[in-house]
1. Quick check on Ile29: is it under 32 Å from the mean Cα position of the chain (by Cα), aliphatic (A, V, I, L, M) and modelled with pLDDT of 90 or more?
2. Can you run down the residue pairs with Cβ atoms below 9 Å, 6 or more apart or on separate chains, where the first is in the stretch 62-79 and farther than 18 Å from Tyr100 by Cβ and the partner is in a strand (DSSP E or B) and modelled with pLDDT under 85?
3. Mind listing whichever residues of the stretch 40-58 are modelled with pLDDT under 95 and under 19 Å from Gly70 (Cβ atoms)?
4. So which residues in the stretch 7-26 are part of a helix (DSSP H, G or I) and under 37 Å from the mean Cα position of the chain (by Cα)?
5. Evaluate the stretch 117-134: report whether one residue or more is assigned to a loop (DSSP other than H, G, I, E, B), over 32 Å from the mean Cα position of the chain (by Cα), exposed (fewer than 14 other Cβ atoms within 10 Å of the Cβ) and at pLDDT below 90.
6. Filter the stretch 174-202 for residues that are at pLDDT below 90, small (Gly, Ala, Ser) and in a loop (DSSP other than H, G, I, E, B) and give the result.
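The values are calculated or read from the model by the stated rules, or taken from the named source; none is laboratory data. Model, not experiment: these values are computed from the prediction. Note that each Cβ is placed from the backbone with ideal geometry, even for glycine, and that neighbours are counted across all protein chains shown.
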Amino acid sequence: MEKEVALDFLKRLANGISIMFGENCEVVIHDMENFESSIVYIENGKVTQRKVGDKFKVLGTKNVDEFFKGSDLVNCKGILKNNHLIKSSTFHMKGNGYHYALGINYDYTNLSLVQSVLKDLTHVGENLDEAIERDSGDNILEELFEKALDHIGKPIALMSKEDRVDMIEFLDKKGAFSFHKSIPIVSEKMNVSRFTIYNYLKEIRDKEEKDCITIEE
């Protein structure tokens, strides 16, 4: 590709990129054979405060070593003197009698603020179902347990077996044992084993079956 054709192509490419990504996207073409006055074309130069005729700098802040003159730099992070954040890429095009570099510098400072807001907005804790089940279930179970104590009318330490069975029956009728891990919670509060609670429930079920009367015609 001839020098003039290459430069024309890069100018059209630079213009298209700047239009596509807007005013925060600076696109610059450097003549790498003229290091002290390398910029031959620039769109949205306000991003790094540069203009045609300025020297080649990475993000407009640091001189580039000769080592990097032929190496592409892709998606590098930079910070300008005004503390704006930049994503920067530089691509080289070499041919007979020319060496151009297309630089793309995108100021994403405002987007980083949006990212911070979105991070806060999308931050979540535990699973909602688990939280609802734990908070609602525990609270309701606690209320039912207090009502059961009032129903019996004496502290757990002074309850007989009949009192404890009566209390379990009260809780059962109120649906207390439909909540997750209700058996372990109730057994701990009553200072009995889980096995004891299961036995009380079985005793209650057996009694209910005996109390049922089937009428046949």
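1. It is false that Ile29 is under 32 Å from the mean Cα position of the chain (by Cα), aliphatic (A, V, I, L, M) and modelled with pLDDT of 90 or more.
2. Cβ pairs passing all conditions: Asn63/Lys57; Cys76/Val58; Gly78/Val58; Gly78/Lys62.
3. Lys55, Phe56, Lys57, Val58
4. As a first pass, look at the stretch 7-26 and keep what is part of a helix (DSSP H, G or I): 7-21.
Listed by number, the residues that qualify are Leu13, Ala14, Asn15, Gly16, Ile17, Ser18, Ile19, Met20, Phe21.
5. Step one: list which residues in the stretch 117-134 are assigned to a loop (DSSP other than H, G, I, E, B), which gives 123-127.
Checking the rest, the ones that are also over 32 Å from the mean Cα position of the chain (by Cα) come to none.
So far as the stretch 117-134 goes, no, none of its residues is assigned to a loop (DSSP other than H, G, I, E, B), over 32 Å from the mean Cα position of the chain (by Cα), exposed (fewer than 14 other Cβ atoms within 10 Å of the Cβ) and at pLDDT below 90.
6. Correct list: Gly175 only.
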